[in-house]
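To keep things clear, I will list the structure first and then write my remarks on it.
The values are calculated or read from the model by the stated rules, or taken from the named source; none is laboratory data. Predicted model, so just to flag it, every value in this text is computed and none were measured. Please note: Cβ atoms are built from the backbone with ideal geometry, for glycine as well, and neighbour counts cover all protein chains shown. What goes into the accessible areas is simple: the full protein's heavy atoms, side chains included, and nothing from ligands, DNA or RNA. Shrake-Rupley method; radii C 1.70, N 1.55, O 1.52, S 1.80 Å.
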Amino acid sequence: MSSSFPTVSELAAEARRVYGEEFGGDAPRAAACAPGRVNLIGEHTDYNQGLVLPMALPLVTVVVGSQTSGKDVTVVTAAKDADEPRRVTFSLPSDGSTLAPGLPGWANYVKGVIQHHRALPVPGFRAVITSSVPLGGGLSSSASLEVAVYTFLQQLMQDDGDKVSTAVACQQAEHTHAGVPCGIMDQFVSVLGREGHALLIDCRSLEATPVPLRDQDLVILITNSNVRHSLAGSEYPTRRRQCEEAASILGKDSLRDATMEDLEEARDRLDDVTYRRARHVIEEIERTARAAKALEGGAYEEFGRLMVESHNSLRDLYEVSCRELDELVSAAMEVEGVFGSRMTGGGFGGCTVTLLQTSATERTILHVQERFGGTPTFYVTTPSDGARALSLL
Ligand code: GLA
(Lines give C-alpha, C1' and ligand atoms only; values in the text may rest on other atoms or scores of the structure.)
Protein backbone atom coordinates (compact mmCIF):
# COMPACT_ATOMS: atom_id res chain seq x y z
CA MET A 1 0.00 0.00 0.00
CA SER A 2 2.27 2.83 1.17
CA SER A 3 5.86 2.68 -0.11
CA SER A 4 8.35 0.91 2.05
CA PHE A 5 11.81 2.39 2.17
CA PRO A 6 15.22 1.01 3.18
CA THR A 7 16.45 1.52 6.73
CA VAL A 8 19.56 3.56 7.52
CA SER A 9 21.60 0.38 8.04
CA GLU A 10 20.42 -1.05 4.73
CA LEU A 11 21.46 2.16 2.96
CA ALA A 12 24.83 2.11 4.73
CA ALA A 13 25.37 -1.55 3.79
CA GLU A 14 24.56 -0.74 0.17
CA ALA A 15 26.98 2.20 0.23
CA ARG A 16 29.75 -0.01 1.63
CA ARG A 17 29.13 -2.60 -1.05
CA VAL A 18 29.34 0.02 -3.83
CA TYR A 19 32.44 1.48 -2.16
CA GLY A 20 34.13 -1.93 -2.35
CA GLU A 21 33.17 -2.30 -6.03
CA GLU A 22 34.30 1.19 -7.00
CA PHE A 23 37.43 1.62 -4.91
CA GLY A 24 38.49 -1.89 -3.81
CA GLY A 25 41.10 -1.97 -1.07
CA ASP A 26 40.34 -0.95 2.50
CA ALA A 27 36.81 -0.66 3.83
CA PRO A 28 35.49 2.90 4.31
CA ARG A 29 36.33 4.43 7.69
CA ALA A 30 33.64 7.05 8.22
CA ALA A 31 29.91 7.31 7.65
CA ALA A 32 27.08 9.73 8.32
CA CYS A 33 23.44 10.20 7.47
CA ALA A 34 21.03 13.13 7.28
CA PRO A 35 17.26 13.10 6.78
CA GLY A 36 14.90 14.74 4.32
CA ARG A 37 12.01 16.70 5.82
CA VAL A 38 8.34 17.38 5.54
CA ASN A 39 6.96 20.74 6.55
CA LEU A 40 3.69 20.47 8.50
CA ILE A 41 2.89 24.18 8.24
CA GLY A 42 4.68 27.53 7.78
CA GLU A 43 5.34 27.65 4.03
CA HIS A 44 7.41 30.34 2.35
CA THR A 45 7.89 32.00 5.72
CA ASP A 46 11.50 31.00 6.48
CA TYR A 47 13.12 33.58 4.17
CA ASN A 48 10.81 36.16 5.73
CA GLN A 49 12.33 35.41 9.14
CA GLY A 50 9.07 33.77 10.16
CA LEU A 51 8.03 30.51 11.85
CA VAL A 52 8.05 27.04 10.31
CA LEU A 53 6.98 23.65 11.71
CA PRO A 54 8.77 20.82 9.87
CA MET A 55 9.85 17.38 11.03
CA ALA A 56 12.78 15.22 9.96
CA LEU A 57 11.86 12.07 8.02
CA PRO A 58 12.98 8.47 8.24
CA LEU A 59 14.01 8.96 4.58
CA VAL A 60 17.73 9.74 4.63
CA THR A 61 20.89 10.26 2.63
CA VAL A 62 23.94 8.24 3.70
CA VAL A 63 27.59 9.00 2.91
CA VAL A 64 30.39 6.50 3.57
CA GLY A 65 34.04 6.97 2.69
CA SER A 66 37.64 7.58 3.72
CA GLN A 67 40.20 10.33 3.69
CA THR A 68 42.94 10.00 1.06
CA SER A 69 46.45 11.40 1.06
CA GLY A 70 46.16 13.63 -2.01
CA LYS A 71 44.02 16.60 -2.96
CA ASP A 72 41.54 14.69 -5.07
CA VAL A 73 37.93 14.00 -4.26
CA THR A 74 36.05 11.12 -5.89
CA VAL A 75 32.38 10.65 -5.15
CA VAL A 76 30.00 8.02 -6.48
CA THR A 77 26.25 8.23 -6.11
CA ALA A 78 24.23 5.06 -6.04
CA ALA A 79 20.98 6.98 -6.59
CA LYS A 80 18.88 4.89 -8.95
CA ASP A 81 17.07 7.83 -10.54
CA ALA A 82 20.17 9.91 -11.31
CA ASP A 83 20.19 10.72 -15.03
CA GLU A 84 23.73 12.08 -14.92
CA PRO A 85 27.11 10.35 -14.56
CA ARG A 86 27.27 8.68 -11.17
CA ARG A 87 30.96 9.18 -10.55
CA VAL A 88 32.81 12.47 -10.28
CA THR A 89 36.44 13.37 -9.55
CA PHE A 90 37.76 16.86 -8.92
CA SER A 91 40.76 18.45 -7.24
CA LEU A 92 40.53 20.63 -4.16
CA PRO A 93 41.94 24.09 -4.88
CA SER A 94 45.20 24.47 -2.98
CA ASP A 95 45.35 28.27 -3.11
CA GLY A 96 42.07 29.03 -1.34
CA SER A 97 40.26 29.74 -4.62
CA THR A 98 36.66 28.63 -5.02
CA LEU A 99 35.52 25.23 -6.15
CA ALA A 100 33.42 26.11 -9.18
CA PRO A 101 30.06 24.44 -9.73
CA GLY A 102 29.73 22.36 -12.91
CA LEU A 103 28.50 18.98 -14.07
CA PRO A 104 27.16 16.60 -12.90
CA GLY A 105 24.64 18.78 -11.09
CA TRP A 106 24.38 16.55 -8.00
CA ALA A 107 28.09 17.02 -7.29
CA ASN A 108 27.54 20.76 -6.78
CA TYR A 109 26.00 20.04 -3.39
CA VAL A 110 29.19 18.20 -2.42
CA LYS A 111 31.38 21.01 -3.76
CA GLY A 112 29.31 23.68 -2.03
CA VAL A 113 29.60 21.92 1.30
CA ILE A 114 33.37 21.56 0.91
CA GLN A 115 33.53 25.26 0.09
CA HIS A 116 31.56 26.34 3.15
CA HIS A 117 32.74 23.75 5.66
CA ARG A 118 33.86 25.34 8.87
CA ALA A 119 36.87 23.08 9.40
CA LEU A 120 38.88 24.10 6.36
CA PRO A 121 40.96 22.88 4.67
CA VAL A 122 39.02 19.79 3.68
CA PRO A 123 41.35 16.85 2.86
CA GLY A 124 41.08 14.64 -0.21
CA PHE A 125 38.57 11.83 0.19
CA ARG A 126 36.52 9.25 -1.63
CA ALA A 127 32.96 8.47 -0.81
CA VAL A 128 29.73 6.80 -1.87
CA ILE A 129 26.26 8.28 -1.47
CA THR A 130 23.01 6.32 -1.10
CA SER A 131 19.61 7.82 -0.37
CA SER A 132 15.97 6.98 0.22
CA VAL A 133 14.82 10.60 -0.21
CA PRO A 134 13.10 10.90 -3.62
CA LEU A 135 15.10 13.30 -5.80
CA GLY A 136 13.39 16.60 -6.58
CA GLY A 137 10.20 15.47 -4.80
CA GLY A 138 9.94 18.41 -2.40
CA LEU A 139 11.20 16.42 0.60
CA SER A 140 14.58 18.17 0.67
CA SER A 141 16.75 15.61 -1.00
CA SER A 142 19.28 18.39 -1.59
CA ALA A 143 19.43 19.54 2.05
CA SER A 144 19.78 15.94 3.19
CA LEU A 145 22.70 15.48 0.78
CA GLU A 146 24.40 18.69 1.93
CA VAL A 147 23.99 17.89 5.60
CA ALA A 148 25.05 14.25 5.14
CA VAL A 149 28.24 15.35 3.34
CA TYR A 150 28.92 18.00 6.01
CA THR A 151 28.45 15.48 8.82
CA PHE A 152 30.62 12.92 7.00
CA LEU A 153 33.41 15.50 6.66
CA GLN A 154 33.13 16.24 10.37
CA GLN A 155 34.31 12.67 10.93
CA LEU A 156 37.49 13.41 8.95
CA MET A 157 38.26 16.80 10.55
CA GLN A 158 36.36 18.09 13.51
CA ASP A 159 34.91 21.56 13.78
CA ASP A 160 33.28 22.91 16.95
CA GLY A 161 30.19 20.82 16.23
CA ASP A 162 27.81 23.79 16.47
CA LYS A 163 24.62 22.56 14.86
CA VAL A 164 23.04 25.83 13.82
CA SER A 165 26.30 26.85 12.12
CA THR A 166 26.27 23.53 10.26
CA ALA A 167 22.79 24.32 8.95
CA VAL A 168 23.85 27.83 7.91
CA ALA A 169 26.95 26.50 6.09
CA CYS A 170 24.80 24.00 4.19
CA GLN A 171 22.29 26.73 3.29
CA GLN A 172 25.20 28.77 1.90
CA ALA A 173 26.25 25.75 -0.15
CA GLU A 174 22.78 25.68 -1.70
CA HIS A 175 22.92 29.43 -2.44
CA THR A 176 26.34 29.50 -4.07
CA HIS A 177 26.57 26.07 -5.69
CA ALA A 178 22.98 25.14 -6.54
CA GLY A 179 21.85 28.71 -7.24
CA VAL A 180 18.74 28.41 -5.04
CA PRO A 181 18.22 31.34 -2.64
CA CYS A 182 16.49 29.08 -0.11
CA GLY A 183 15.63 29.85 3.50
CA ILE A 184 17.07 27.95 6.45
CA MET A 185 14.24 25.48 7.16
CA ASP A 186 15.40 22.40 5.24
CA GLN A 187 19.01 22.37 6.39
CA PHE A 188 18.02 23.34 9.94
CA VAL A 189 15.63 20.45 10.48
CA SER A 190 17.93 18.02 8.67
CA VAL A 191 20.61 18.84 11.25
CA LEU A 192 18.49 19.34 14.37
CA GLY A 193 15.42 17.14 13.84
CA ARG A 194 14.35 15.09 16.83
CA GLU A 195 12.67 11.69 16.98
CA GLY A 196 9.02 11.93 18.04
CA HIS A 197 8.91 15.70 17.56
CA ALA A 198 8.21 18.37 15.01
CA LEU A 199 10.37 21.50 15.37
CA LEU A 200 8.91 24.96 15.67
CA ILE A 201 11.77 27.00 14.20
CA ASP A 202 11.97 30.74 14.61
CA CYS A 203 13.90 31.67 11.47
CA ARG A 204 14.81 35.10 12.90
CA SER A 205 16.44 33.99 16.17
CA LEU A 206 17.30 30.50 14.82
CA GLU A 207 15.87 28.97 17.97
CA ALA A 208 13.88 25.77 17.79
CA THR A 209 11.23 24.38 20.13
CA PRO A 210 10.52 20.64 19.84
CA VAL A 211 6.78 19.89 19.70
CA PRO A 212 5.93 16.29 20.70
CA LEU A 213 4.33 14.31 17.88
CA ARG A 214 4.14 10.64 18.73
CA ASP A 215 0.47 9.84 19.19
CA GLN A 216 -0.15 6.22 18.10
CA ASP A 217 -3.60 7.22 16.83
CA LEU A 218 -2.21 9.84 14.48
CA VAL A 219 -0.53 9.32 11.11
CA ILE A 220 1.45 11.75 8.97
CA LEU A 221 0.96 10.67 5.39
CA ILE A 222 3.07 12.10 2.59
CA THR A 223 1.73 11.81 -0.94
CA ASN A 224 4.18 12.44 -3.74
CA SER A 225 2.37 13.65 -6.87
CA ASN A 226 5.47 12.60 -8.84
CA VAL A 227 5.11 15.75 -10.94
CA ARG A 228 7.50 18.67 -11.02
CA HIS A 229 6.57 21.72 -13.10
CA SER A 230 9.29 23.70 -14.78
CA LEU A 231 8.20 26.83 -12.89
CA ALA A 232 9.54 25.29 -9.69
CA GLY A 233 13.02 26.79 -10.08
CA SER A 234 12.27 30.21 -11.48
CA GLU A 235 9.30 31.24 -9.34
CA TYR A 236 11.05 30.80 -5.98
CA PRO A 237 13.47 33.73 -6.35
CA THR A 238 10.58 35.83 -7.70
CA ARG A 239 8.49 35.16 -4.58
CA ARG A 240 11.44 36.01 -2.40
CA ARG A 241 11.95 39.31 -4.21
CA GLN A 242 8.26 40.21 -3.96
CA CYS A 243 8.36 39.66 -0.19
CA GLU A 244 11.45 41.84 0.17
CA GLU A 245 9.77 44.54 -1.87
CA ALA A 246 6.65 44.38 0.31
CA ALA A 247 8.72 44.59 3.50
CA SER A 248 10.59 47.58 2.18
CA ILE A 249 7.38 49.42 1.20
CA LEU A 250 6.07 48.73 4.71
CA GLY A 251 9.33 50.09 6.14
CA LYS A 252 10.18 46.77 7.86
CA ASP A 253 13.33 44.66 7.88
CA SER A 254 11.25 41.64 6.96
CA LEU A 255 7.60 40.59 6.79
CA ARG A 256 8.07 38.96 10.20
CA ASP A 257 7.86 42.46 11.66
CA ALA A 258 4.66 43.37 9.79
CA THR A 259 1.07 42.96 10.99
CA MET A 260 -2.11 42.77 8.93
CA GLU A 261 -2.90 46.30 10.12
CA ASP A 262 0.42 47.52 8.68
CA LEU A 263 -0.43 45.81 5.42
CA GLU A 264 -3.97 47.20 5.19
CA GLU A 265 -2.72 50.71 5.92
CA ALA A 266 -0.20 50.47 3.08
CA ARG A 267 -2.60 48.82 0.67
CA ASP A 268 -2.72 51.62 -1.92
CA ARG A 269 1.06 51.73 -2.06
CA LEU A 270 1.24 48.03 -3.02
CA ASP A 271 0.20 46.46 -6.29
CA ASP A 272 -2.29 43.62 -6.00
CA VAL A 273 0.23 40.81 -6.45
CA THR A 274 2.65 42.19 -3.86
CA TYR A 275 -0.25 42.70 -1.45
CA ARG A 276 -1.38 39.08 -1.82
CA ARG A 277 2.15 37.68 -1.40
CA ALA A 278 2.66 39.70 1.79
CA ARG A 279 -0.75 38.77 3.13
CA HIS A 280 0.02 35.07 2.76
CA VAL A 281 3.28 35.43 4.64
CA ILE A 282 1.90 37.54 7.50
CA GLU A 283 -1.09 35.25 8.01
CA GLU A 284 0.93 32.06 7.57
CA ILE A 285 3.37 33.06 10.31
CA GLU A 286 0.43 33.60 12.65
CA ARG A 287 -1.17 30.33 11.57
CA THR A 288 2.04 28.47 12.30
CA ALA A 289 2.19 29.81 15.85
CA ARG A 290 -1.43 28.73 16.38
CA ALA A 291 -0.84 25.35 14.79
CA ALA A 292 2.13 24.60 17.07
CA LYS A 293 -0.07 25.32 20.10
CA ALA A 294 -2.88 23.18 18.71
CA LEU A 295 -0.51 20.27 18.13
CA GLU A 296 0.89 20.56 21.61
CA GLY A 297 -2.59 20.43 23.07
CA GLY A 298 -3.64 17.48 20.89
CA ALA A 299 -6.20 19.69 19.08
CA TYR A 300 -5.87 17.84 15.78
CA GLU A 301 -9.12 19.14 14.28
CA GLU A 302 -7.90 22.68 14.76
CA PHE A 303 -4.46 21.79 13.40
CA GLY A 304 -6.08 20.22 10.35
CA ARG A 305 -8.19 23.31 9.69
CA LEU A 306 -5.06 25.45 9.77
CA MET A 307 -3.36 23.11 7.30
CA VAL A 308 -6.21 23.54 4.84
CA GLU A 309 -6.19 27.32 5.32
CA SER A 310 -2.47 27.26 4.63
CA HIS A 311 -3.00 25.28 1.45
CA ASN A 312 -5.73 27.61 0.20
CA SER A 313 -3.55 30.61 0.87
CA LEU A 314 -0.61 29.06 -1.01
CA ARG A 315 -2.98 28.33 -3.89
CA ASP A 316 -4.83 31.66 -4.06
CA LEU A 317 -2.56 34.32 -2.55
CA TYR A 318 0.95 32.99 -3.00
CA GLU A 319 0.17 31.05 -6.20
CA VAL A 320 2.68 28.24 -5.76
CA SER A 321 0.31 25.26 -5.87
CA CYS A 322 -0.76 23.40 -9.02
CA ARG A 323 -3.65 21.28 -10.22
CA GLU A 324 -2.13 17.99 -9.05
CA LEU A 325 -1.47 19.24 -5.51
CA ASP A 326 -4.95 20.78 -5.27
CA GLU A 327 -6.48 17.48 -6.40
CA LEU A 328 -4.51 15.47 -3.86
CA VAL A 329 -5.60 17.78 -1.05
CA SER A 330 -9.28 17.75 -2.08
CA ALA A 331 -9.31 13.96 -2.41
CA ALA A 332 -7.72 13.47 1.02
CA MET A 333 -10.18 15.90 2.64
CA GLU A 334 -13.12 13.79 1.42
CA VAL A 335 -12.14 10.91 3.67
CA GLU A 336 -13.55 10.53 7.16
CA GLY A 337 -10.79 10.57 9.76
CA VAL A 338 -8.60 13.05 7.85
CA PHE A 339 -7.88 16.18 9.91
CA GLY A 340 -6.08 18.25 7.32
CA SER A 341 -3.98 18.22 4.18
CA ARG A 342 -1.81 20.70 2.31
CA MET A 343 0.97 21.05 -0.20
CA THR A 344 4.39 21.01 1.45
CA GLY A 345 7.70 22.60 0.41
CA GLY A 346 8.31 25.07 -2.38
CA GLY A 347 5.33 24.02 -4.54
CA PHE A 348 4.66 23.57 -8.30
CA GLY A 349 4.60 19.82 -7.80
CA GLY A 350 6.17 17.53 -5.26
CA CYS A 351 4.24 16.38 -2.22
CA THR A 352 1.28 16.95 0.04
CA VAL A 353 1.23 16.20 3.75
CA THR A 354 -1.91 14.86 5.40
CA LEU A 355 -2.71 14.44 9.09
CA LEU A 356 -5.18 11.67 9.84
CA GLN A 357 -6.40 9.08 12.31
CA THR A 358 -4.34 5.92 12.12
CA SER A 359 -7.49 3.89 11.50
CA ALA A 360 -8.20 5.94 8.36
CA THR A 361 -4.84 5.27 6.67
CA GLU A 362 -5.84 2.52 4.30
CA ARG A 363 -9.07 4.07 3.11
CA THR A 364 -7.36 7.44 2.61
CA ILE A 365 -4.66 5.94 0.41
CA LEU A 366 -7.22 3.96 -1.59
CA HIS A 367 -9.49 6.94 -2.06
CA VAL A 368 -6.70 9.30 -3.12
CA GLN A 369 -5.32 6.70 -5.50
CA GLU A 370 -8.75 6.30 -7.07
CA ARG A 371 -9.51 10.00 -7.35
CA PHE A 372 -6.10 11.24 -8.50
CA GLY A 373 -5.30 11.12 -12.21
CA GLY A 374 -1.59 10.43 -11.86
CA THR A 375 0.49 7.81 -10.07
CA PRO A 376 1.18 9.05 -6.58
CA THR A 377 3.58 7.47 -4.08
CA PHE A 378 2.58 7.30 -0.41
CA TYR A 379 4.81 7.37 2.63
CA VAL A 380 3.56 6.81 6.16
CA THR A 381 6.17 8.62 8.22
CA THR A 382 7.19 9.37 11.79
CA PRO A 383 9.27 12.30 13.05
CA SER A 384 12.89 11.19 13.12
CA ASP A 385 16.31 12.27 14.30
CA GLY A 386 18.50 14.76 12.50
CA ALA A 387 21.98 14.12 11.05
CA ARG A 388 24.36 11.79 12.83
CA ALA A 389 27.60 9.88 12.41
CA LEU A 390 27.13 6.17 11.78
CA SER A 391 29.24 3.39 13.18
CA LEU A 392 30.78 1.10 10.58
CA LEU A 393 31.52 -1.77 12.98
C1 GLA B 1 11.97 25.26 -0.21
C2 GLA B 1 13.12 26.02 0.44
C3 GLA B 1 12.82 26.33 1.92
C4 GLA B 1 11.45 27.00 2.06
C5 GLA B 1 10.37 26.21 1.29
C6 GLA B 1 9.04 26.91 1.29
O7 GLA B 1 11.86 23.99 0.37
O8 GLA B 1 14.32 25.26 0.38
O9 GLA B 1 13.82 27.15 2.45
O10 GLA B 1 11.49 28.33 1.66
O11 GLA B 1 10.75 25.98 -0.05
O12 GLA B 1 8.52 26.98 2.57
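Descriptive notes on the structure:
- Kirkwood Rh, Cα atoms: Rg over Rh of the stretch 148-280: 1.03
- Rounded to the nearest 10 Å², the accessible area of LYS293 at probe 1.4 Å: 150
- Think of the stretch 202-335 as having a plus end and a minus end, set by charges on the Cβ of Lys, Arg, Asp and Glu; of TYR300, ALA246, THR288, ALA246 sits farthest toward the positive end of this dipole.
- Annotation: for a label point projected 7 angstrom from Cα along Cα→Cβ of ASP95, no residues of the stretch 104-143 have a backbone N closer than 11 Å.
- Percent of Cα-Cα distances greater than 20 Å, calculated over the stretch 68-146: 30
- Dipole of the stretch 236-363, positive end: most advanced residue of VAL273, PHE339, GLY349 [Cβ charges, Cα centre]: GLY349
- Within the stretch 17-95: Cβ-based charge dipole about Cα centre, in debye rounded to nearest 20 (Lys, Arg +1; Asp, Glu -1): 240
- Simple point charges give the picture: +1 on the Cβ of Lys and Arg, -1 on the Cβ of Asp and Glu, and for the stretch 72-130 a dipole about the Cα centre of about 160 debye.
- Per residue, the convex hull spanned by the Cα atoms of the stretch 1-154 amounts to 132 cubic angstrom.
- Charged neighbours of LEU325, selected by a Cβ distance under 9 Å, balance to 0 (K, R count +1; D, E count -1).
- Contour minus Cα-Cα distance for GLU245 and ALA13 (0.36 nm per residue): 78.6 nm
- Selection from GLN154, ILE41, PRO93, by position along the positive dipole direction of the chain (Cβ): PRO93
- For the chain, size of Cβ-based charge dipole, Lys and Arg +1, Asp and Glu -1, in debye: 980
- Amide H contacts of ILE41 (H built 1.01 Å from N, under 5 Å, at least 5 apart or other chain): LEU53
- Separation in nanometres of the label points that stand 7 Å from Cα toward Cβ, at GLU264 and ARG118: 4.4
- The tail of the calculated P(r) for the stretch 255-381, taken as Cα-Cα distances beyond 22 Å, holds 41 percent of the pairs.
- The orientation-averaged projected area of the convex hull spanned by the Cα atoms of the stretch 251-292 comes to 2.9 nm².
- Value of Rg/Rh across the chain [Cα atoms, Kirkwood radius]: 0.98
- Surface calculation, 1.4 Å probe, protein heavy atoms: VAL8 sits at approximately 30 Å² accessible.
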